[in-house]
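Reviewing the structure listed below.
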Amino acid sequence: MSDEQSVSSGRFAPVIDEIAYDILRSLRRNGRISIAALAQEVGISRASAYSRVEALTRAGIITGYTATVDPTRLGLGVSALVFCTIQPQQWTSFLQAVGEMPDVESALVMTGEHDVMLIVRSVDMEAMQSLVIGAIAARPEVTKVETAIVMGEVFRRPFVLPGDIPQRDQIGVDSGLMRFTRTDLGHGERV
């Protein structure tokens, strides 16, 4: 693996070769695969597989290993996306507070109408209401909360690799709207 950096869309990423991608694909399918089985699957020696996995870990590409679970079978049958708008200069305390809430699975800082999207899980709707209204919306840093209950989870990928992304036609600047709001020009209100 090279220590060179490549720039793509304003991000820095170590340049890795096809063998490294094959290792990551294999680990994506089975994170518990032995080094010997990984080496055989990728077509390299055990020593090379071990050193490459170590190098990917040192580079921060592999950040850990975890089990994938079905939240519904664990009794967490209700999940929601909670969109929060935060007071200026109060990000740190809000993110620290939600990071300590065990029912918040993920926090994503975003652009657009809201500042943060939380993925939350709960045992039932009453517990979800207590979490969203009593714990998240009640935070002094929060100015607005919108919640969308998840009706069903179709799929969740553990991670995406650059080679997974297909080439697509470029979209011109004039058609770059990501959100469309139609207004009634006579009244200036949303339709």
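Amide H neighbours of E105 under 5 Å, counting only residues 5+ apart in sequence or on other chains, H built in-plane at 1.01 Å?
Residues meeting the amide H criterion: I119, V120, R121.
Please list, in order along segment 113-125, the HN-Hα scalar couplings obtained from phi with the Karplus expression 6.51 cos²θ - 1.76 cosθ + 1.60 (θ = phi - 60°), rounded to whole Hz, x for Gly and Pro.
My calculation for segment 113-125 gives 5, 10, 9, 9, 10, 9, 9, 10, 10, 8, 7, 7, 5 Hz in order.
Tell me, what HN-Hα J-couplings in whole Hz come from the Karplus equation 6.51 cos²θ - 1.76 cosθ + 1.60 at θ = phi - 60° for each residue of segment 61-68, using x for Gly and Pro?
6, 8, 9, x, 10, 8, 7, 9
Sorted by packing (mean other beta-carbon atoms within 10 Å per residue), highest first, where do 125-138, 157-170 land?
125-138, 157-170
I want to verify the translational diffusion coefficient of segment 33-162 in µm²/s; compute it with Stokes-Einstein, Rh as the Kirkwood radius over Cα pairs, at 20 °C and 1.002 mPa s.
Calculated translational D: 123 µm²/s.
Count charges around R29 for me, please; just the other residues with Cβ under 15 Å from its Cβ, Lys/Arg as +1, Asp/Glu as -1.
Details: positive: R25, R28, R32, R156, R157; negative: D22, E41, D164.
Net charge around R29: +2.
Which three extents, in whole angstrom, do the alpha-carbon atoms of segment 117-171 cover along their principal axes, largest first?
Cα spread of segment 117-171 along its principal axes, largest to smallest: 45, 26, 18 Å.
Quick note: the coordinates plus some simple rules give every number you see, no bench work behind them. Remember, it's a predicted structure, so these values are computed and weren't measured experimentally. So basically every Cβ, Gly included, is an ideal-geometry build from the backbone, and we count neighbours across all protein chains shown.
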